[in-house]
Structures are given as structure tokens and as C-alpha cells.
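Notes for the one structure printed next.
The values are calculated or read from the model by the stated rules, or taken from the named source; none is laboratory data. Everything quoted here is computed from the prediction, not taken from an experiment. Here the Cβ positions follow ideal geometry from the backbone for every residue, glycine too, while neighbour counts run over all protein chains shown. Calculation scope for accessible area: heavy atoms of the full protein, side chains included, ligands and nucleic acids excluded. Shrake-Rupley method; radii C 1.70, N 1.55, O 1.52, S 1.80 Å.
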Amino acid sequence: MTEYAGDLTPQEAWELLLSDPAAVLVDVRTEAEWRFTGVPDTSETGREPIFIEWVNYPEGARNAKFVDQLRDAGM
């Protein structure tokens, strides 16, 4: 897995998704946020985002399986 490379603005992330075919958007919000706020439309990139909670809802506990779930998703 790659080391943390710093923060990106939403615009920078979008530009990276458009310019780099290997770039993937991992949405780490909770399932409740996905349902109530919506999910990113990445159809223009030809790739679907990956949805993995960083914090489990409704418990509010850190997702101890996050890295394993990333690996299972091919990351």
C-alpha cells in the first residue's frame, strides 16, 4: 500500500481521476452519509468509486477491517 501523500482538494481529486486511469476514488464516509447525502457521480471517469466506511455507523467506532476491505477491493 502507498504511504499517505497529503491532502487533495475536491477539484484536485477530480482532475486526478480524469487524468490518471489508475486513480480510484475511495469514499470513506458512513453508509448513512451515502444514503442521505448521496454518492459521487464518477461516470465521466468510466470507473465506479469504492465505498468503505472509515468509521462504522451507527457505532461510531473505527473500522478495524478497513485495510482488509481495501485489499479485497483490489487496492
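Multiplying the residue separation of residue 68 and residue 8 by 0.36 nm and removing their Cα-Cα distance gives an extension gain of 19.2 nm. Computed from Cα atoms, the angle from the helix 10-19 axis to the main principal axis of the chain rounds to 60 degrees. Solvent-accessible area per residue in the chain equals 77 Å², computed with a 1.4 angstrom probe and all protein chains kept.
Taking 57, 4 and ordering them by how much accessible surface each has at a 1.4 Å probe, largest first, produces 4, 57. With the Kirkwood sum run over all distinct C-alpha pairs, the chain has a hydrodynamic radius of 13.6 Å. Run the 1.4 Å probe and let me know the accessible area of residue 47, rounded to the nearest 10 Å². Estimated to the nearest 10 Å², residue 47 gives 60 Å².
In the chain, excluding the sites themselves, the longest stretch lacking any of the GluC sites (Glu not before Pro) that are in a DSSP loop with at most 12 other Cβ atoms within 10 Å is 4-58.
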